[in-house]
Amino acid sequence: MRWPIQGLNTKDVVDCGGVVLTDVMKNAEMEKRKSRIAIFAKQLLSNKMARFGGAVILLLFLCAIFAPGIAPYEYDVMNLPEMLKGPSMQNIMGTDEFGRDVFSRIVYGSRISLLVGFLAVGISLLIGTILGAIAGFYGGVLDYIISGITDIAWSFPVTLLAIAFVAALGPSLINLIIAMAIVSWSGFARLVRGQFLSLREKEFVEAARSLGFSDSRIIFRHMLPNALAPIIVLTTLEVPKAIIVEASLSFLGLGAQPPTPSWGAIMNSGRSYLLEAPWVSIFPGLMIVIIVLGFNLFGDALRDTLDPRLKD
């Protein structure tokens with residue numbers, strides 16, 4: 001069926017299942033979407049915590065991307081005559097027990113933290129979202145089984161389970177990422193399940209079902225976009241947790257292996273020289289504190305912006 005619209009050519013009108021879409025309507029929708037994004041960005045940037053956290057995250061990404069240009073030395077170059085030298089113009093954060101520049105190792109270590117943090121959280125997000133969506137959408141026996149497994153996984157400390165998995169698989173960066181992803185998905189699954197339980201009774205879901213849309217289309221094209229806000233917030237809060245777990249396991253020797261410059265491994269190497277050369281452990285520890293604080297502040301600001309109930 002064609003509906004005549006004054007001022008529009010026939011080619012501009014698209015008949016799609018009885019719903020007439022026009023180029024003008026599409027453009028108006030795009031403009032409205034851009035306006036919403038602009039308003040959201042303005043509200044987010046007006047938050048001091050968001051600006052500070054965003055600046056820290058941006059600097060971390062720039063540091064990881066341009067590490068070869070920022071670091072004055074290679075992270076694995078040893079200079080034994082310069083071992084355990086204090087901060088100076090030549091080595092602004094001093095040197096470690098092998099004469100390696102601590103600043104250069106911290107700069108390259110940002111790559112490890114970002115790699116582990118985002119890969120582990122990304123895999124956890126994928127697993128948790130799929131399982132949570134299935135449990136919340138279908139309910140019944142599937143919900144009972146998935147919820148039971150999720151509750152069991154949720155009851156164990158993440159760090160303890162990660163240590164157990166890495167000890168079984170062997171200490172390496174890949175095994176650490178796999179272990180963290182396996183033990184961290186339950187939080188995403190619980191969140192997505194709760195969102196889907198509330199969304200599946202909404203009118204737009206019932207309308208999609210009555211039109212004969214497939215379950216996968218309803219889940220991924222209609223329900224999941226409406227649950228993205230809390231998922232994004234949780235992701236920003238899970239990344240710093242993953243960075244802490246990675247640093248903790250690397251400190252214990254279960255993560256990145258020497259000479260890979262993980263911040264936790266750098267702190268561990270300076271543990272024996274705390275009185276003689278405290279800078280070896282202090283500077284990477286400060287970096288962990290600053291980065292985790294930046295992610296947490298940005299995540300809190302993002303939550304406040306996305307949730308209108310938290311606004312004054």
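Among the residues in the stretch 62-77, are any surrounded by fewer than 22 Cβ atoms within 10 Å (Cβ to Cβ), out of contact with any Lys or Arg (no Cβ under 6 Å at 6 or more places or on another chain) and under 15 Å from I243 (Cα atoms)?
no
Is there a residue in the stretch 88-103 that is in a helix (DSSP H, G or I), within 16 Å of A64 (Cβ to Cβ) and assigned by TED's automatic domain parsing to the domain that holds V289?
yes
Looking at (1) in contact with a strand residue (DSSP E or B) (Cβ under 8 Å, 6 or more places away or on another chain); (2) assigned to a helix (DSSP H, G or I), which one does L84 not meet, given that it meets all the others?
Condition not satisfied by L84: (2).
I'd like to check something: does the stretch 245-254 contain any residue that is within 30 Å of G99 (Cα to Cα), of a type in the set (A, V, I, L, M, F, W, C) and not in a helix (DSSP H, G or I)?
yes
Test each condition in (1) in contact (Cβ under 8 Å) with a residue 24 or more places away in the chain; (2) loosely packed, with under 13 Cβ neighbours inside 10 Å for G194 and report the one that comes out false.
(2)
So which of A67, A50, A71 ends up being over 21 Å from V280 (Cα atoms) and touching a Phe, Trp or Tyr at 6+ places or on another chain (Cβ under 7 Å)?
One residue alone meets the criteria, A50.
At pLDDT below 90, farther than 21 Å from D151 by Cα and not in a loop (DSSP other than H, G, I, E, B) - does that describe any residue in the stretch 272-280?
yes
Among residues belonging to the stretch 198-214 that are of a type in the set (G, A, S) and assigned to a helix (DSSP H, G or I), point out the one that is nearest to the chain's Cα centre (by Cα).
The residue in question is S198.
Restricting to the stretch 141-162, and then to whatever is of a type in the set (V, I, T) and modelled with pLDDT under 85, can you tell me which residue is surrounded by the fewest Cβ atoms within 10 Å (Cβ to Cβ)?
My answer is T159.
Restricting to the stretch 60-76, name every residue that is more than 14 Å from R111 (Cβ to Cβ) and without any contact (Cβ under 8 Å) to a residue 24 or more places away in the chain.
none
Please verify whether the stretch 164-184 includes one or more residues that are touching a residue at least 24 places away in the same chain (Cβ under 8 Å), over 19 Å from the mean Cα position of the chain (by Cα) and part of a helix (DSSP H, G or I).
So far as the stretch 164-184 goes, yes, one or more of its residues are touching a residue at least 24 places away in the same chain (Cβ under 8 Å), over 19 Å from the mean Cα position of the chain (by Cα) and part of a helix (DSSP H, G or I).
The values are calculated or read from the model by the stated rules, or taken from the named source; none is laboratory data. Bear in mind the structure is a predicted one, so any value in this text is a computation, not a measurement. For neighbour counting, all protein chains shown are included, and Cβ atoms are generated from backbone atoms with ideal geometry for every residue, glycine included.
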